[in-house]
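The values are calculated or read from the model by the stated rules, or taken from the named source; none is laboratory data. Computed from a predicted model, the values in this text were never measured in an experiment. Every residue, glycine as well, gets a Cβ built from its backbone with ideal geometry; the counts of neighbours run over all protein chains shown.
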Amino acid sequence: MKIQTTYKRPAILLGVLLITSWFVNISLGSVDIPSKELFEILFNNVSSKESWNYIVWNFRIPKSITAILVGSGLGISGLLMQTLFRNPLAGPFVLGISSGASLGVAILILGSAFIGTYFGAFVLSSFSVTIASSLGSFLVLSIVLVAIKKIRNTMSILIIGLMFGSISAAIINILSYFSNAELLQQFIFWSFGSLGNLSWQELGIFSATLSVSILILLTSIKSLNGLLLGENYAASMGVNLKRTRYIVLIITSLMTGVITAFSGPIAFIGLAVPHLTKLLFDTSDHKILIPTVALTGAILMLICDTIAQVPNSEYTLPINAITSLFGAPIVIWLLIRRQKVMI
Amino acid sequence: MESNSKHIVLRTKNLAIGYSDKSSTTYIAQELNITLEKGKLVCLLGKNGIGKSTLLRTLSKTQHKLEGDILIDEENLLKITPARLAQKMSLVLTEKTPENQLTVYELIALGRQPYTDWLGRLSKEDIQKVNQAIELVQIEHIANKKNYELSDGQLQKVMIARALAQDTDIIILDEPTAHLDLHHKIEVFKILQDLVNKTDKTIILSTHEVNLALQLADELWLMTENKFTSGTTESLIESKDLEKLFPKDKIYFNSELKQFTLKK
């Protein structure tokens, strides 16, 4: 069986695309840096202007790495949700996991007014935002998990997820109503999504969490493939359903929680990337899908970020708006082209 | 070494099946005592709602038993881990599989999961078993198709091949011929009969195709309201148990033709 070779060419293509889009991403920005200088900065760490060196190493490269982490993490989360729920429309966003993370952060930022200014400084550290966001997403996921035990119908589960989205939005509205303009602005800027402003140290935590999650996930690839036939068949082939379900849900909430904490609730990537990848590679095998979804997610996020920073201008658009403008048409196009969307 | 004395693959002792929750227990059938030898084609017959699926689900550990014991190869089912059970028993279910992009080959290869490494990579032996399963069910011509391109009849054969690739002594099929036309019903039955003869597997299936089952099964299991009986077609005709399968107002068992006929 020559299964491996058929995926080689598109995989190489993805690799080349990733490097290209990464390079385009760091070469464009509000300050114009010639590409020759950029090479010097990247490989020799010198340039004719000290500020360029600083911009590249402390702004552009961290931001591009964030884009890669966010894109691949959300893509994989979406893929896992789609397989676990056997529903092509599932994703971290649709199931209310992102809403949960938003709620966690909203309670932290907007609620800090109630706690008092003494704790304020401590509360609003990026560390606590991460924790609040992870707790929020984990909470919603556990409730969805309980709901799944009671309800077998996957459509109902999706609706429950949407309802959680509404409930979170409502609570956030109430909190917003009672909080001051400064905190409100802080929360709204967080909810726009942002890939910038991460220190190298924060990037370290970010990438370590994602790497560990993906490493644990590798042990479940076989079970995920078994799940393609539904839970009963999977169980009859020796798949440990309970273990797989918990691993997938904990990993997804961890990844979504961390991503949402560091970059805000990024829409659509989690839903669109797995479908785009499945269309490109025409497969349901998670051995192939997990690495290619990660690559595709990273590329798409880099492109979205390049557009969002509006090259050679001072404006930076909210990344969330760009991913939706980019992602929604992809999903519509897929539905029209395929008539059918597969998990 | 080769003992031809009875190899009992499945035995139940005073098995009771049904459903239970905190407040109540609903018995569907009780006092089931089954002894099944290796290499038999067993057809489970009974009218709708009598508990055929419940029995099959209980035997395959998909559902909990209420009382009694189930022994697979004389080992208590409770003590067999899911991973080991997957090497002893495979299933063909009535449920539709979720939509996916698996090819027929990939789908059948999933049946090798109980044997593959942690990533699910196929060894030489795995590939050979998959090819053998494809050959036995005669679906070579559709092996590279996507599973969503298949007709119901083809899909059923693919699911049987997947169970075969799992290489278990027992294969349990829940109504494998539902939704199929007469031609494909007979084809599926013939394939299963062929498999029992060629591979010495034990196949247990539930079906509403009573007349086909009477002709092809090595052993029949009859479920009626208050009784579970098993035996060959001949012995069940003789004991007049077959007559009790359905209410007698519309059809009756014609023991000369060996089939059920409409009352005129």
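Annotations for the structure displayed:
- Test: residue in region B:136-156 that is under 25 Å from residue A:287 (Cα atoms), buried (at least 19 other Cβ atoms within 10 Å of the Cβ) and away from chain A (no Cβ under 14 Å): yes
- Looking only at residues of region B:112-131 that are buried (at least 20 other Cβ atoms within 10 Å of the Cβ) and more than 7 Å from every other protein chain (Cβ to nearest Cβ), we find that the one that is nearest to residue A:236 (Cα to Cα) is B:112.
- Only one of B:34, B:72, B:80 that is touching a Leu at 6+ places or on another chain (Cβ under 7 Å) and under 28 Å from residue B:113 (Cα atoms): B:72
- Tally, over region A:223-235, of residues that are in contact (Cβ under 8 Å) with a residue 12 or more places away in the chain and within 7 Å of chain B (Cβ to nearest Cβ): 4
- Taking region A:1-100 as the region of interest, the helices (runs of 4 or more DSSP H) fully inside it that hold 3 or more residues being touching a residue at least 60 places away in the same chain (Cβ under 8 Å) are A:3-27, A:61-84.
- Test: residue in region A:183-196 that is surrounded by fewer than 14 Cβ atoms within 10 Å (Cβ to Cβ), among the hydroxyl-bearing types (Ser, Thr, Tyr) and more than 25 Å from residue A:248 (Cβ to Cβ): no
- Meeting the requirement of 1 or more residues that are more than 25 Å from residue B:209 (Cβ to Cβ), of a type in the set (Asp, Glu) and more than 8 Å from chain A (Cβ to nearest Cβ), the strands (runs of 3 or more DSSP E) wholly within region B:19-109 are B:25-32, B:67-72.
- Test: residue in region A:275-289 that is over 28 Å from residue B:103 (Cβ atoms) and either at pLDDT 90 or above or surrounded by fewer than 24 Cβ atoms within 10 Å (Cβ to Cβ) (or both): no
- Leading residue by the ranking (nearest to residue B:46 (Cα to Cα)) among those in region B:178-206 that are of a type in the set (S, T, N, Q) and out of contact with any Leu (no Cβ under 7 Å at 6 or more places or on another chain): B:197
- Members of region B:32-70 found to be surrounded by 19 or more Cβ atoms within 10 Å (Cβ to Cβ), more than 18 Å from residue B:171 (Cβ to Cβ) and touching a Lys or Arg at 6+ places or on another chain (Cβ under 6 Å), listed by number: B:46
- Failed condition for residue A:313, given (1) touching a residue at least 24 places away in the same chain (Cβ under 8 Å); (2) farther than 29 Å from residue A:198 by Cα; (3) not β-branched (Val, Ile, Thr): (2)
- Residue pairs whose Cβ atoms lie under 7 Å apart, sitting 6 or more positions apart in sequence or on different chains, and linking a residue in region A:283-294 that is away from chain B (no Cβ under 12 Å) to a partner that is aliphatic (A, V, I, L, M) and buried (at least 24 other Cβ atoms within 10 Å of the Cβ), are A:293/A:76; A:293/A:79; A:293/A:273; A:294/A:76.
- When B:245, B:212, B:220, B:205 are checked against the criterion of being touching a Pro at 6+ places or on another chain (Cβ under 7 Å), buried (at least 18 other Cβ atoms within 10 Å of the Cβ) and in contact (Cβ under 8 Å) with a residue 24 or more places away in the chain, a single residue qualifies: B:205.
- For region B:227-264, a residue qualifies if it is out of contact with any strand residue (DSSP E or B) (no Cβ under 9 Å at 6 or more places or on another chain) and part of a loop (DSSP other than H, G, I, E, B), and the qualifying residues are B:247, B:248, B:249, B:255, B:256, B:257, B:258, B:264.
- Apart from one condition, residue B:142 fits all of (1) more than 22 Å from residue B:88 (Cβ to Cβ); (2) at pLDDT below 95; the exception is (2).
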